[in-house]
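Undergrad: Please read through the structure below; I'll follow up with questions.
Computed from the coordinates by the stated procedures, all read-outs in this text should not be read as laboratory data. Predicted, not measured: the structure shown is a model, and the values here were computed from it. Every residue, glycine among them, receives a Cβ derived from its backbone with ideal geometry; neighbour counts consider all protein chains shown.
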Amino acid sequence: MKIKKFLDNFEEYILLPSLAFSLALIFFQVVMRYVFMNSLSWSEELARYIFIWQLWLGVSYAAKKQCHIRIRILEGALNEKQKKILETIVIVIWFGFGCFIAVQGYLIAARIGAYGQTSSALGLPMVYAYMAVPVGAVLMNIRLIQNLVILYRPNKAELQEV
């Protein structure tokens, strides 16, 4: 049960602490720059890489919560069965796009990793920053599959009618 809870809330477990850490890091950088007149060379770069990971994990979180921006003009004119079909089509197209992003993101990250490129201030391998794209896309696709399963899972009212 704990594993299921962890997987259901995976994004939140990473996003919230990383947000708190990045806010503290940026605050510390501002204090160092304006109070002590001594800027840290690595803090801005680290905050940028954390933000990249937050962005791509946020894509997965938004897919889970079904709160991506979308146009819902057709839904008002459709009955429940048609809405379900439309939602299925949307999820399948979105899943295909997620697969494309995951594959292309991985190929780019692998190429960067093969070059051995490192960041300027931290000296971190750049592949760590670039891997946020395929990881986020794969997690988004997992959430899309979950949404599709939920869409076709019979609810309790339907089970009682049978």
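Undergrad: Enter the angle in degrees (range 0 to 90, nearest 10) between the Cα long axis of helix 43-65 and the first principal axis of the Cα atoms of the chain, meaning the one along which they spread out most.
TA: That helix lies at roughly 0 degrees to the long axis.
Undergrad: At Ile26 and Gln82, where each label point lies 7 Å from the Cα along Cα→Cβ, what is the point-to-point distance in nanometres?
TA: Roughly 4.5 nm, to one decimal.
Undergrad: So, by mean Cβ neighbours within 10 angstrom, what's the order for 71-78, 132-139 with the highest one leading?
TA: 132-139, 71-78
Undergrad: Next question. Can you tell me the order of 87-96, 32-41 when each peptide is scored by its average per-residue count of other Cβ atoms within 10 angstrom, highest first?
TA: Result, highest mean first: 87-96, 32-41.
Undergrad: According to a simple spin-label model (label point 7 Å from Cα along Cα-to-Cβ), what is the distance in nm between Ser119 and Ile150?
TA: 3.3
Undergrad: Placing +1 at every Lys and Arg Cβ and -1 at every Asp and Glu Cβ, with all other atoms neutral, what dipole size does the chain have around its Cα centre, in debye to the nearest 20?
TA: Value, rounded to 20: 220 debye.
Undergrad: Something else: How many nm is it between the label spots at Phe36 and Lys65, if each spot is 7 Å from the Cα in line with the beta carbon?
TA: Roughly 3.5 nm, to one decimal.
Undergrad: Determine by what factor the alpha-carbon radius of gyration of the chain differs from 2.2 N^0.38 Å, reporting the quotient.
TA: Computed over Cα atoms of the chain, the ratio equals 1.36.
Undergrad: Take the Cα atoms of segment 87-136, build their convex hull, and give its volume per residue in Å³.
TA: Numbers: hull volume 2.9 nm³, N = 50.
Taking the convex hull of the Cα positions in segment 87-136, it is 58 Å³ per residue.
Undergrad: Helix 132-152 versus the longest principal axis of the chain: what angle, 0 to 90°, nearest 10, using Cα atoms?
TA: Between helix and principal axis, roughly 20 degrees.
Undergrad: Using only Cα atoms, tell me the angle between helix 80-115 and the longest principal axis of the chain; keep it within 0 to 90° and round to the nearest 10.
TA: Computed tilt is about 30 degrees.
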